[in-house]
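Engineer: Structure provided below as structure tokens; questions to follow.
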């Protein structure tokens, strides 16, 4: 790998993003990722995935809660994805 390519890779960051809810309250997983909500940014994919797993694990206890609003927090956390800051899907209209 040429040094300039290595430098370019080092500049890529990572976002944890998630779909926004539709009017009926369900998550709009089919929406373009450019329309998803930014949650957090990270220097590495590893850190992003670690954070996602931490949040999902914390919310998993709520997946069986009788309150639908509390249960929704788990499904929102589960729907998040880590995506590179230079991913072209973030620029879709």
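The values are calculated or read from the model by the stated rules, or taken from the named source; none is laboratory data. Because the structure is a prediction, the values reported are computed rather than measured. All Cβ positions, even for glycine, are placed from backbone atoms using ideal geometry, and neighbour counts span all protein chains on display.
Engineer: Can you report the number of residues in segment 45-73 which are within 17 Å of residue 20 (Cβ to Cβ) and without any contact (Cβ under 8 Å) to a residue 24 or more places away in the chain?
Structural biologist: 2
Engineer: Could you tell me whether segment 52-69 includes any residue that is at pLDDT 80 or above, surrounded by 15 or more Cβ atoms within 10 Å (Cβ to Cβ), closer than 18 Å to residue 28 by Cβ and under 16 Å from the mean Cα position of the chain (by Cα)?
Structural biologist: No, segment 52-69 contains no residue that is at pLDDT 80 or above, surrounded by 15 or more Cβ atoms within 10 Å (Cβ to Cβ), closer than 18 Å to residue 28 by Cβ and under 16 Å from the mean Cα position of the chain (by Cα).
Engineer: Give me the residue from segment 76-93 that is surrounded by fewer than 15 Cβ atoms within 10 Å (Cβ to Cβ) and part of a helix (DSSP H, G or I) and, out of that set, modelled with the lowest pLDDT.
Structural biologist: 91
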